[in-house]
Structure formats: C-alpha cells, structure tokens
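Visitor: After the structure tokens below, expect a handful of questions from me.
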Amino acid sequence: MNEKSPKKIDHIGIAVSSIEEVLPFYVGSLKLRLLGIEEVPAQGVKVAFLGVGESKIELLEPLSKESPIARFIEKRGEGLHHVALGVTDIRKRIKDIQENGVEMINQEPVSGAGGAKVAFLHPRSARGVLFEFCEKEEGAARGH
C-alpha cells in the first residue's frame, strides 16, 4: 500500500435530528451493532457508533442549534454528512494534501469522537463531498 494512501474508510457520518429516534432502524432493521454513544462538546454533537465489518457508521446529532450539524440539517436535511478516511500521521497528510492545492477546513487536527484526531477537507476541493482524515492511537477504544 502506498504510504500516503488512507488505511481504510474508517466511518461514514450521517446527520440525524435524533439518535434515539433513528436507532431502531439502524439496530433493529439493518441489524448493525451499537458500539457506543458519546457527546463531543468541542464539535457540538452527540455521536452513536454502529459497527459494519471493520468500518463504522457514525450518527451525528446536534447538541444545539449553533452546531455545524444543526446548520447542515437545516440547509440539507438529514442524511450523508461525511466520509472519514483512516490515516496515519494526520499532520503529514494535511501538509501533503495542501501542497496539492486542496483546501482544508482544519489546518491542524482537532479532537474528535473516540479520542481520534480529525481534520476536514473543504467540500469545495472535493466536488461537494466532505471528507475527514481520522487518526486513532494504536490500542485506542476499538468501538470508536
């Protein structure tokens, strides 16, 4: 594998108005495993992790009307929010991609759910798709 290639799709983020309301569909109908729920105040979200093989689905519920997820839902409705690519050395990935002319929302990694370091690419640079780089410490909680 190319050293600069992402390791995998870590998770797919889906914006929802209420995790509690949608969980029966994801767990009951789709039969996905609920791995955990946590609040990430720094990002303004409550997150539910659902296992799908080696990847996850991340349900994102806004904690307030000022949350970026609340604004997303208001503008576009519930649905696909972002695709997270698992990477190693996130700072190097940010530098490399910026050198290729890609605009980043986060110039430096920020704290994400499950103790991950995350950084978002600007959708303008990816034809309207929001991508996230996601770096997790080795041995970090497996559910997240």
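Since every read-out is calculated from the coordinates, none of them should be taken as a lab result. Given the structure is predicted, the values throughout are model-derived calculations rather than measurements. For neighbour counting, all protein chains shown are included, and Cβ atoms are generated from backbone atoms with ideal geometry for every residue, glycine included.
Visitor: Relative contact order for the stretch 19-144: what is it in percent, counting Cα pairs under 8 Å that are at least 6 residues apart?
Guide: 20 percent.
Visitor: Order these by the 10 Å Cβ neighbour count, fewest first: His81, His11. If you can, show how the numbers build up before the last one.
Guide: Working: His81 22, His11 26.
Going from sparsest to densest Cβ surroundings: His81, His11.
Visitor: Take the residue pairs Lys4/Lys136; Lys95/Lys117; Lys31/Lys117 and return only those whose Cα atoms are more than 20 Å apart.
Guide: Working: Lys4/Lys136 16 Å; Lys95/Lys117 15 Å; Lys31/Lys117 29 Å.
Where the Cα-Cα span goes over 20 Å, the pairs concerned are Lys31/Lys117.
Visitor: Okay, moving on. If amide H atoms are built 1.01 Å from N in the plane of the peptide, which residues on other chains or at least 5 residues away come under 5 Å of the amide H of Lys46?
Guide: Val40, Glu61, Leu63
Visitor: Can you pull out the trypsin sites (Lys or Arg not before Pro) in the stretch 36-144 whose DSSP state is coil and whose Cβ has at most 15 other Cβ atoms within 10 Å?
Guide: Filter output for the stretch 36-144: Lys65, Arg127, Arg142.
Visitor: Let me know the charge dipole size of the stretch 1-90 about its Cα centre in debye, to the nearest 20, where only the beta-carbon of Lys, Arg (+1) and Asp, Glu (-1) is charged.
Guide: With Lys and Arg at +1 and Asp and Glu at -1, about 240 debye.
Visitor: State the extension gain, in nm to one decimal, for the chain segment bounded by Val110 and Lys95, taking 0.36 nm per residue of separation less the distance between their alpha-carbons.
Guide: Result for the pair: 3.9 nm of gain on full extension.
Visitor: So which GluC sites (Glu not before Pro) in the stretch 60-94 end up in coil per DSSP with only 11 or fewer other C-beta atoms within 10 Å?
Guide: Working: sites: Glu66, Glu74, Glu78; in loops: Glu66, Glu78.
Of the GluC sites (Glu not before Pro), the ones in loops of the stretch 60-94 whose Cβ has at most 11 other Cβ atoms within 10 Å are Glu66.
Visitor: Then there is this: When the helix-only estimate is applied to the chain (DSSP H runs of n ≥ 4, each -39,500 (n - 2.57), divided by the residue count), what is the mean residue ellipticity at 222 nm, nearest 500 deg cm²/dmol?
Guide: Calculated from helices alone, the mean residue ellipticity at 222 nm is -4500 deg cm²/dmol.
Visitor: I'd like the chymotrypsin sites (Phe, Trp or Tyr not before Pro) in the stretch 43-144 restricted to DSSP loop residues with at most 10 other Cβ atoms within 10 Å, sorted by number.
Guide: Sites meeting the loop and neighbour criteria: none at all.
Visitor: Fewest Cβ neighbours within 10 Å first, please rank His122, His82 accordingly.
Guide: Placing the least packed residue first, the sequence is His122, His82.
Visitor: Near the amide H of Ala116, under 5 Å away, which other amide H atoms are found, from residues 5 or more places off or on another chain, if H is placed in the peptide plane?
Guide: Here the answer is none, since no amide H 5 or more places off falls under 5 Å of that of Ala116.
Visitor: How long are the three semi-axes of the equivalent ellipsoid of the chain, in whole Å, if each is the root of 5 times an eigenvalue of the C-alpha gyration tensor, listed from largest down?
Guide: Whole-Å semi-axes of the equivalent ellipsoid: 24, 18, 13.
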